[in-house]
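Notes for the one structure printed next.
The values are calculated or read from the model by the stated rules, or taken from the named source; none is laboratory data. Computed from a predicted model, the values in this text were never measured in an experiment. With ideal geometry, Cβ positions are generated from the backbone for all residues, glycine too; neighbour counts draw on all protein chains shown.
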Amino acid sequence: MITCNGNIQADAIVVGIDKTKQLMQHIPKEDATLIYKYLETRSSNLAFASVQVFHCVCEERVKVYFLIGQENGMSKTRDFSDYTAARQVMALAMKEHCQSLAVYVDTLSMRIETLIDGLLDRNYEFIQYMKNKERCVVEKINVITSSLQVKEINSLCYKYMSMYEGIYKARDLVNMPPNELTPRKFVDLMATILQGGGGKVEYFNKWSLEKMKMGGISAVGKGSMNPPQLVVIQYLGDPDNPDKLGLIGKGVTYDSGGLSLKSAANQEFMKDDMAGAATVVGIIKALQYLKYPVNVMGVIPLVENIPSSMSYHVDDIITMYDGTTVEIKNTDAEGRLILADALSYAQEKGATRLIDLATLTGACVTALGTIRSGMVGNNQEWMNQFFCVAEQNHEKVWQFPFDAEYGESLKSQVADLKNIGGRDAGAITAGMFLNHFVRADIPWLHVDIAGTAFCEQADKTGFYGATGVGIKSILELLRSGSIEKNNQ
Ligand code: BES
Ligand code: ZN
Ligand code: ZN
């Protein structure tokens, strides 16, 4: 819960520190004096975005301060160091078991959006499966300001709380182990998450998918005892408007590789192969609170990619939902097959724009590491917009080249397409495969989150696990109205 100018009592207080002694005007004089005394011999602690804990005793009470350095700052915000500082403050608050935080924003030079974003991003833990772990998340954040913008700040608080409501739910899904989160369980949990928020949901089971000739989803799902599912969610915030964003998320609840089995090392973390699907659920959840006047259709194909006597084979030729035939050359390139069917379906059901999110290729991780998501698409202007909103929301993407020549490696001797290209440019050829299923007049963005969806090694604030990447950027794209304007 975030409030503005609410109850001043809090377990810890967050302030910015610099040489000007401005703190005196904001917090009790005795506390400020002690803090400046402490800083006298530690001038390096004033450095922009440095974070430290300060304990003091005043009026027989122990007080906890989190001090954020403010010197020589503004030029450095481009590297997200202010955002990281906010995340670090939250990590410390959780470690100190604070239940409430009071933040004196007038002492900080960072944007208030950055502050709230960073604090909420870090204020999450996944402890469902730990028996005796105490909950450490901060329950209350109170933003204190003497400026007149209380109303604006309140609406920012609402916006970020709504976004993070969706992000935390998405993270929970991605963090769940694959023995628990089967396609069926994903559907059940999704129904609970979205319950009561309005919107129509349709479910297609294994038999409907076969009947509908969803050849991609059916083939990949065939090997598993946990049958495939397709879920379609409609959020109609502006029903009279024909514009509709189709949001497609890869939902492979476990990717062992299938018969083209992954090595043991490469199977690790493959529970996160449904992060795209979770992102779509998170976005719709947030929209239920934010009530943006936009139309979104979430299309989520769910499968488990597992080898068995029923699995699809290398050398199979399958027929996709749109009629394209595909020669399977590697059963581990399964994501593009289920996404292609979902993309075709979204277009058939009237999507006027498309975004798909997928942990699609190891090649994307090789190219960009865990810092940036990869992006390709068929509309440069829209990709530029996405790049900008992503950056503003502390989510980084990078566009890959997308020349038609890259598509040539997908040519098959016996079918319309192969499901893999050569060894080279794997993230791009995967995008090319998807491009085949998208009409050229429908603006489409593909975001490869293979490297960014899950933090496999705790970062410098100690954060580990699912990130929920993509949710903020897409919500911001929807809010800014760039979805409606057809600027082809
Ligand atoms: N789910 C993987 C991609 C992945 C790799 C996600 C690492 C997260 C971290 C995907 O289905 C896959 O296995 N792709 C293959 C494609 C190849 C066979 C053309 C890959 O990247 O190796
Ligand atoms: Zn795979
Ligand atoms: Zn996969």
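A quick yes/no check of all residues on (1) hydroxyl-bearing (Ser, Thr, Tyr); (2) at pLDDT below 95:
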{"site": "Ser50", "(1), (2)": "yes, yes"}
{"site": "Ser100", "(1), (2)": "yes, no"}
{"site": "Met110", "(1), (2)": "no, yes"}
{"site": "Leu119", "(1), (2)": "no, no"}
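The condition (being of a type in the set (D, E, K, R), assigned by the TED database to the domain that holds Gln229 and either modelled with pLDDT of 95 or more or farther than 30 Å from Val231 by Cα (or both)) is satisfied by just one residue among Asp106, Asp188, Asp79: Asp188. Whenever a residue of region 238-258 is over 18 Å from Glu268 (Cβ atoms) and part of a strand (DSSP E or B), its partners that are basic (Lys, Arg) and away from ligand 3 (no atom under 12 Å from the Cβ), lying with C-beta atoms within less than 6 angstrom and at least six residues away or across chains, give the pairs Leu245/Arg353. Exactly one residue out of Gln347, Gln413, Gln399 is surrounded by fewer than 20 Cβ atoms within 10 Å (Cβ to Cβ) and either within 15 Å of ligand 1 (Cβ to nearest atom) or under 30 Å from Leu115 (Cβ atoms) (or both), and it is Gln399.
Residues are listed down the side, and each one gets a yes or a no for (1) out of contact with any helix residue (DSSP H, G or I) (no Cβ under 9 Å at 6 or more places or on another chain); (2) at pLDDT below 95; (3) under 23 Å from Gly470 (Cα atoms); (4) of a type in the set (Val, Ile, Thr):
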{"position": "Met130", "(1), (2), (3), (4)": "yes, no, no, no"}
{"position": "Cys136", "(1), (2), (3), (4)": "no, no, no, no"}
{"position": "Lys140", "(1), (2), (3), (4)": "yes, no, no, no"}
{"position": "Thr145", "(1), (2), (3), (4)": "no, yes, no, yes"}
{"position": "Lys151", "(1), (2), (3), (4)": "yes, yes, no, no"}
{"position": "Cys157", "(1), (2), (3), (4)": "no, no, yes, no"}
{"position": "Met161", "(1), (2), (3), (4)": "no, no, yes, no"}
{"position": "Glu165", "(1), (2), (3), (4)": "no, no, yes, no"}
{"position": "Lys169", "(1), (2), (3), (4)": "no, no, yes, no"}
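Residues considered: Asn175, Asn154. Of these, the only one that is closer than 21 Å to Gly276 by Cβ and among the polar types (S, T, N, Q) is Asn175. Of all residues in region 239-250, none satisfies being crowded, with 24+ Cβ neighbours inside 10 Å, among the β-branched types (Val, Ile, Thr), within 27 Å of Tyr312 (Cα to Cα) and within 16 Å of ligand 2 (Cβ to nearest atom). Determine whether Ala466 is over 22 Å from Gln347 (Cα atoms) and crowded, with 23+ Cβ neighbours inside 10 Å. Here the answer is yes, as Ala466 does meet what is asked.
Scan region 257-275 for residues that are within 12 Å of ligand 2 (Cβ to nearest atom) and among the basic types (Lys, Arg) and report the count. Result for region 257-275: 1.
When region 429-455 is filtered for residues that are closer than 20 Å to Met274 by Cβ and part of a strand (DSSP E or B), the ones remaining, listed by number, are Leu445, His446, Val447, Asp448, Phe454, Cys455. Within region 238-257, the set of residues being near ligand 1 (Cβ under 10 Å from one of its atoms) and out of contact with any Asp or Glu (no Cβ under 6 Å at 6 or more places or on another chain) comprises Lys250, Ser256.
From the list Gly323, Gly298, Gly282, the lone residue that is of a type in the set (Gly, Ala, Ser), away from ligand 3 (no atom under 16 Å from the Cβ), at pLDDT 95 or above and assigned to a loop (DSSP other than H, G, I, E, B) is Gly323.
Filtering Gln52, Gln25, Gln9 for residues that are in contact with an Asp or Glu (Cβ under 9 Å, 6 or more places away or on another chain) and of a type in the set (S, T, N, Q) leaves a single hit, Gln25. Scanning region 350-365 for residues that are within 16 Å of ligand 3 (Cβ to nearest atom) and hydroxyl-bearing (Ser, Thr, Tyr), we see that the one that is nearest to Val469 (Cα to Cα) is Thr359.
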